[in-house]
1. Considering every residue within region 181-201, establish whether at least one is out of contact with any strand residue (DSSP E or B) (no Cβ under 8 Å at 6 or more places or on another chain), basic (K, R) and more than 30 Å from D10 (Cβ to Cβ).
2. Pull up region 114-166, narrow it to residues that are part of a helix (DSSP H, G or I) and of a type in the set (D, E, K, R), then point me to the one that is surrounded by the most Cβ atoms within 10 Å (Cβ to Cβ).
3. Taking T170 as meeting all but one of (1) in contact with a Ser or Thr (Cβ under 7 Å, 6 or more places away or on another chain); (2) in a helix (DSSP H, G or I); (3) polar (S, T, N, Q), write down the number of the exception.
4. Within region 128-180, take every residue that is touching a strand residue (DSSP E or B) at 6+ places or on another chain (Cβ under 8 Å) and aromatic (F, W, Y) and give me the one that is nearest to T210 (Cα to Cα).
5. Between a first residue in region 156-170 that is in contact (Cβ under 8 Å) with a residue 12 or more places away in the chain and over 15 Å from G119 (Cβ atoms) and a second residue that is assigned to a helix (DSSP H, G or I) and of a type outside the set (S, T, Y), which pairs have beta carbons less than 6 Å apart while being 6 or more apart in sequence or on different chains?
6. Tell me which residues, restricted to region 109-135, are more than 15 Å from the chain's Cα centre (by Cα) and aromatic (F, W, Y).
7. Would region 182-193 turn up any residue that is part of a loop (DSSP other than H, G, I, E, B) and without any contact (Cβ under 8 Å) to a residue 24 or more places away in the chain?
8. Just name the residue that is farthest from the chain's Cα centre (by Cα) out of those in region 1-19 that are within 23 Å of D195 (Cβ to Cβ) and at pLDDT 95 or above.
Amino acid sequence: MSNPSTSSADRPVALITGGGSGLGREIALALAAADFDVTVTGRTRSTLEATAGSADRITARVMDVRDAAAVHDVFAAVESDHGRLDLLVNNAGVSVRAVPVEEVAEAEWRDAVDTNLTGMFLCAQAAYALMKRQQPQGGRIINNGSVSAQVPRPYAIGYTATKHAVSGLTKALALEGRAHRIACGQIDIGNAATDMTAKMAGGVPQADGTVAAEPTFDARLVAEAVVHLARLPLDVNVPFMTMMANGMPLLGRG
């Protein structure tokens, strides 16, 4: 843990998975700047501490979303520290090797499912339970769906399948959450500029078999969108939002 939060009853409380780098770090910094008490989680202590050291009111906790016991312990710690949770940003995820379906190893498939789907479910389940029992009741869950929740990229069956499943998870959480003031929505993000998308400048496979460079956009804009959603009253939900680089070929993919 580093840079522990100085909790205030007046400040909302947020937890971001995959908060050590990329989108997770940008979201954590934006929420801290918006006066949230923020906990960032991930598997690598050094990157989490780098995020926590970049702003006030950010706490780092090592957590593997695939580990149900670890998830339970971290959410229990947030409840102990703050008494509640107002926002979960389910951001942690892994990409897969770009190979044809017949070359995908079972271990690679299971890693994608365990991280991108089961891990997201475990965190949403823990957040939902806390938001349901806390007083005042309610909170918001935002899932990182990726535009691969809508249409696939070539040679990405594991990532695509898990992100399509995330859309079902989002809908089910939103439905069950209505009675308890729990809003669940999803941001499908296309080509935000992070380490994961750096390779796009050199060209990535397209649906027509060619390889082409794709544009990216500033990841801080995604963070600003998360802050906007987090500030909405709980009687308002945005079930799905798509943010993408305007020049990417998403709308013509397939």
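1. The first filter runs over region 181-201 and keeps only residues out of contact with any strand residue (DSSP E or B) (no Cβ under 8 Å at 6 or more places or on another chain), leaving 194-201.
Now drop any that are not basic (K, R), which leaves 199.
So of that shortlist, the ones also more than 30 Å from D10 (Cβ to Cβ) come out as 199.
Yes.
2. This residue is K163.
3. (1)
4. Across region 128-180, the extreme among qualifying residues is Y155.
5. Listed pairs, sorted by first residue: I157/V101; H164/A149; S167/A149.
6. Correct list: W109, Y128.
7. Scanning region 182-193 turns up no residue that is part of a loop (DSSP other than H, G, I, E, B) and without any contact (Cβ under 8 Å) to a residue 24 or more places away in the chain.
8. Selected residue: A14.
The values are calculated or read from the model by the stated rules, or taken from the named source; none is laboratory data. These numbers were taken from a predicted model, which means no experiment stands behind them. Quick reminder, even Gly has a Cβ in these numbers, built from the backbone with ideal geometry, and neighbours come from all protein chains shown.
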